[in-house]
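Take a look at the structure below.
The values are calculated or read from the model by the stated rules, or taken from the named source; none is laboratory data. Since this is a predicted model, take the numbers as computed values, not measurements. Neighbour counts are summed over all protein chains in view; Cβ atoms, including those assigned to glycine, are modelled from backbone coordinates with ideal geometry. The protein model used for the area step is the full one, side chains on, heavy atoms only, and it has no ligands, DNA or RNA in it. Shrake-Rupley method; radii C 1.70, N 1.55, O 1.52, S 1.80 Å.
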Amino acid sequence: VQLQASGGGLVQVGGSLRLSCTASGSYSMGWFRQAPGKEREFVASISRSGNTIYYSDPVKRRFTISRPNAQNTVFLQMNSLKPEDTAVYYCAADQTRVTGVRPPDYWGQGTLVTVSS
């Protein structure tokens, strides 16, 4: 399985970024992030159909995960970014469901998001 993520960068507080991740097949997909000195944490996930979505509490109402037409590309729209959102963001895919309670089946490479104040 190949996961190709892109879209990270440097943004000011309150700004927006959009991450994308394309999988080589059809999977439940999601995003995790890892800030310096911290453990990797779940951010959001979306089912194969796009009908079931989960967010972690810190990003609810600010981030939106989507996969138009149930395709193999997933987007993470990040708005109202805060310094604490600074992290390496990892795309993830799973044969059943991406969750925050166990590691996914597959990891993509990380993309760095830096929110400056």
Got a number for the accessible area of residue 13? Probe 1.4 Å, square angstrom, nearest 10.
70 Å²
Normalising by the residue count of the chain, find the relative contact order in percent from Cα pairs under 8 Å and 6+ residues apart.
36 percent
Order the following by accessible area, largest value first: 17, 81. Probe radius 1.4 Å; ligands, DNA and RNA are ignored.
17, 81
Over the chain, give the accessible area per residue in Å² for a 1.4 Å probe, as an integer.
51 Å²
For the chain, what value does the Rg/Rh ratio take when both radii are computed over Cα atoms and Rh is the Kirkwood radius, given to two decimals?
0.94
Rounded to the nearest percent, how much of the accessible area of the chain (1.4 Å probe, protein heavy atoms only) is carbon and sulfur?
47 percent
Area of residue 60 that stays accessible when all protein chains are in place (1.4 Å probe, Å², to 10)
80 Å²
Let me cross-check residue 52: its accessible surface, 1.4 Å probe, with only protein heavy atoms counted, in Å² to the nearest 10?
60 Å²
Using R₀ = 25 Å, calculate the FRET efficiency as 1/(1 + (r/R₀)^6) where r is the Cβ-Cβ separation of residue 112 and residue 24; round to 0.05.
0.65
Based on the Kirkwood radius over alpha-carbon pairs, what value in µm²/s does the Stokes-Einstein equation return for the translational diffusion coefficient of the range 1-49 at 25 °C and 0.890 mPa s?
193 µm²/s
